[in-house]
Amino acid sequence: MILDGRPIAKHLLEEVKKGVADIGKVKMVSVAYEEDQESIVYFNSIRRNAEKVGIEFNPLVIKGEELLGTIGKLNNDNSVDAVIIGRPFPKGVTNEMVSEAIDPDKDADCVTYQNMGQLYFGAEGIAPATPKASIDILLYNNIDLRGKNALIINRSVTVGRPLSQMLLNMDATVTVAHSKTKNMEKLIEENDIIFLAVARPGYLKASTIRSKKLVVDIGINVVDRKIRGDFEPDIENALVDYTAVPGGVGAVTSVEILKNALVLARSR
């Protein structure tokens, strides 16, 4: 079975549209520096969804050295409800610097210490968009995570680490793997759900799977001008269900950002 993210993205967009109509106005600003073309493209895709639901979305493209100053200005702008910053950051700017700079009440992607800390206490008012999209696709398809053994192949602060805590909050048993992990094949075999975010097209192939698995493919790779995931359905294997790429986690992620913006606007 292929899990399609587009129906849930459409469902969430309708929810956000109703919410925006209820409160009247939501304004969101994205910030990317000039060299970060991937973030610029990503934010433009969010802007298109924002227009569908009535959110005012302003994508800023700045020079790298202007990032922290721009964040400060947006913090002080009362007309702005939500802010998202492109990654990777410019040279000399660290995760810690950005986490400390953003006003937690405008943090649309859960990168501040306060919002991440609430996540670890099980209070998921704002959750990182990609992990939230990964889980919401499963919930939308009535997949119960309680008691499931889940393997996350990623330990980044934006995906693997928050995703592990969110799964723990839902009573899954979680293993986090990374580039230094040994016996990866054994871990894959032992787990029920595999979350892939390794940025390597075809990292895990359907033909290598020998027991029932659900693969949540978070990878986005461009190969010969086509988008491919980290999972490769090289054969039809009845033992594996997986999320589509494109049209899976990525399709839902940009809508989760807008949902977070709505939550932030409601709390202001």
Of all DSSP beta bridges in the chain, antiparallel share, percent nearest 5: 10
Rounded Å value of the spacing that divides the Cα centres of the range 80-136 and the range 239-263: 17
Under the span-like rule (Cα at least 18 Å along the axis, Kyte-Doolittle mean at least -1.0), DSSP H helices of the chain: 6-23, 37-53, 249-267
Residues K63 and I23, FRET efficiency given R0 of 41 Å [Cβ-Cβ distance, rounded to 0.05]: 0.75
Among I153, N169, P88 the positive-end extreme of the charge dipole of the range 85-188 (Cβ point charges): I153
Pairwise Cα inverse-distance average, inverted: Kirkwood Rh of the range 129-251 (Å): 14.3
Within the chain, helix-based [θ] at 222 nm, where runs of 4 or more DSSP H residues each add -39,500 (n - 2.57), nearest 500: -12500 deg cm²/dmol
Two-decimal Rg/Rh across the range 23-108, once Rg and the Kirkwood Rh are taken from alpha-carbon atoms: 0.95
Distribution of pairwise C-alpha distances over the chain, 5 Å bins, in %: 1, 6, 13, 17, 19, 17, 13, 8, 5, 2, 0, 0
Between the range 1-54 and the range 164-231, the alpha-carbon center distance in angstrom: 26
Of K52/K91; K18/K63; K132/K213; K182/K213; K148/K182, those spanning more than 27 Å from alpha-carbon to alpha-carbon: K52/K91; K18/K63
Percent breakdown of C-alpha pair distances by 5 Å bin, ordered from the shortest bin, for the range 27-176: 2, 9, 17, 20, 19, 15, 11, 6, 2, 0
Debye log10 I(q)/I(0) at q = 0.16 Å⁻¹ for the range 128-178, Cα point scatterers: -0.39
Residue order, fewest to most beta carbons within 10 Å, for S164, S179: S179, S164
Partner aspartates and glutamates for K259 [C-alpha distance under 19 Å; skip if fewer than 8 residues away on the same chain]: E14, E15, D22, E51, E56, D81, D103, D105, D107, D109, E124, D136
Order by protection proxy (mean Cβ within 10 Å, highest first), peptides 75-82, 257-264: 257-264, 75-82
Separation in nanometres of the label points that stand 7 Å from Cα toward Cβ, at R225 and A123: 5.1
Charge dipole magnitude, Cβ of K and R +1, D and E -1 - the range 129-251, Cα centre, debye nearest 20: 400
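Kindly work out what percent of the DSSP beta bridges joining two residues of the range 91-227 are antiparallel, to the nearest 5.
Roughly 15 percent of the DSSP beta bridges within the range 91-227 come out antiparallel.
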Contact order normalised by residue count of the chain, Cα under 8 Å, 6+ apart, percent: 23
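No value in this document is a laboratory result; all are computed from the given coordinates. Computed from a prediction, not measured in an experiment: that's the story for all the values here. Cβ coordinates were reconstructed from backbone atoms using ideal geometry, including for glycine residues, and neighbour counts include every protein chain displayed.
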